[in-house]
There are 2 protein chains.
Amino acid sequence: MPRPTRTTPKGAEARARVITEATRVFSRDGYRAGSLSRIAEAAGLTQQGLLHYFPNKAALLLAVVAERERSTAEHLERTSGSRSVLDRFVEAVEHNIEEPYLVELMTVLSAESTDPDHPTHAWFLQRYDDLVARLAAGVLEEQRSGRWAGGAEPEQAARTLVGLADGLRLQRLLGHPELDHAALLRTHLQAMRIGGTTP
Amino acid sequence: MPRPTRTTPKGAEARARVITEATRVFSRDGYRAGSLSRIAEAAGLTQQGLLHYFPNKAALLLAVVAERERSTAEHLERTSGSRSVLDRFVEAVEHNIEEPYLVELMTVLSAESTDPDHPTHAWFLQRYDDLVARLAAGVLEEQRSGRWAGGAEPEQAARTLVGLADGLRLQRLLGHPELDHAALLRTHLQAMRIGGTTP
């Protein structure tokens with residue numbers, strides 16, 4: 001019998017199971033302390049079996065973050081309509097709150113990834129630069145159409161939006177599960193717009 | 001000859017050396033993956049020698065964060081004058097940028113500490129709740145004196161300030177060392193005040 005490959009249904013299912021369990025373990029323990037054998041066990045595989053799908057721990061981590069990005073992008077694609085990129089950013093933050101382990105994972109992983117030797121260091125740098133560029137373009141567009149109230153430097157306004165989302169997410173995880181960081185982010189965005197009230 | 005205790009000059013010096021090296025290692029590798037034997041070696045001690053000063057890794061971590069808080073508080077005490085608590089918060093963020101490893105340490109540690117089993121989980125919860133309470137009192141005071149422009153809920157305004165500081169700090173560490181997160185925080189604070197311009 002041939003070994004299952006990533007293209008068979010069974011292989012695809014096992015890969016998906018490994019990614020789910022890896023998300024859980026990395027979000028709780030971080031990448032460095034996250035145990036590959038614990039992930040394999042939770043996914044019903046031997047460690048050797050897991051390494052058939054992902055050659056090493058770093059490759060597994062990259063698959064986890066790529067899957068998270070794909071899921072967020074897919075959700076945005078489905079729901080975007082004609083709303084501005086800034087509103088869609090707030091919606092993505094809202095959506096991500098509901099994904100189990102995602103908020104914890106991205107919090108721990110983005111902090112760990114500040115180390116240049118971390119396997120997702122380059123990935124996070126690129127992700128943040130892309131996000132800031134997209135949001136800065138959105139701010140500039142709203143300034144040109146007269147929707148944005150102030151003369152903010154677009155990149156700084158974009159960094160402020162991203163920073164708020166990340167910083168409030170951290171506070172939510174530090175003992176305040178009731179904290180609706182997406183709603184606070186929306187309040188900030190509305191305050192920046194013409195006719196909005198200062199929060 | 002008696003064993004040195006933490007009250008002898010030699011003991012105090014060794015303790016300080018261990019705390020410096022632990023700050024360096026934990027800020028790069030995180031707490032979980034940070035190696036006690038590497039810290040001991042860098043401080044010129046055996047692991048057994050290190051454990052004479054700190055009974056375990058968690059106790060060492062708590063000493064590290066307590067030392068960081070003490071240093072920040074001391075700086076604020078020296079420089080506070082009559083400025084409001086909100087301005088002093090921005091000054092503390094400014095001051096901390098200059099402390100080697102502190103920005104990295106607090107970023108990685110606060111994210112790791114979202115796990116309830118982490119040794120500094122309770123410490124970070126308390127630290128954030130205290131900080132938010134102090135800043136919320138500052139916002140309320142500025143609202144009463146007519147300095148604050150909007151009718152924000154003080155706790156939400158305080159969480160926004162703290163969130164911005166943390167979120168922008170993360171962006172600084174993700175490939176943008178030129179990013180002056182304290183200056184952006186100050187811009188946000190000024191925009192909230194009467195006569196300030198929207199950023």
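FYI, it's all coordinate maths here, none of it is from the lab. These numbers were taken from a predicted model, which means no experiment stands behind them. Virtual Cβ from ideal backbone geometry, glycine too; neighbours counted across all protein chains shown.
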Completion exercise
From the option list B:173, B:185, single residue qualifying as out of contact with any Ser or Thr (no Cβ under 7 Å at 6 or more places or on another chain) and over 23 Å from residue A:101 (Cα atoms) is B:185
Practice task
Scan the range B:96-122 residue by residue and report those that are surrounded by 18 or more Cβ atoms within 10 Å (Cβ to Cβ) and either more than 14 Å from chain A (Cβ to nearest Cβ) or in contact with a Cys (Cβ under 8 Å, 6 or more places away or on another chain) (or both).
Solution key: B:96
Problem - Condition met for residue A:135 (under 20 Å from the mean Cα position of the chain (by Cα) and at the interface with chain B (Cβ under 7 Å from one of its Cβ atoms)) - result: no
Handout entry: Condition broken by residue B:130, with the remaining ones in (1) more than 10 Å from chain A (Cβ to nearest Cβ); (2) exposed (fewer than 14 other Cβ atoms within 10 Å of the Cβ); (3) farther than 22 Å from residue A:177 by Cβ satisfied
Key = (3)
Fill in the blank from the handout: Counting only residues that are in contact (Cβ under 8 Å) with a residue 24 or more places away in the chain, more than 8 Å from chain B (Cβ to nearest Cβ) and of a type in the set (Gly, Ala, Ser), the range A:141-182 contains a total of 3
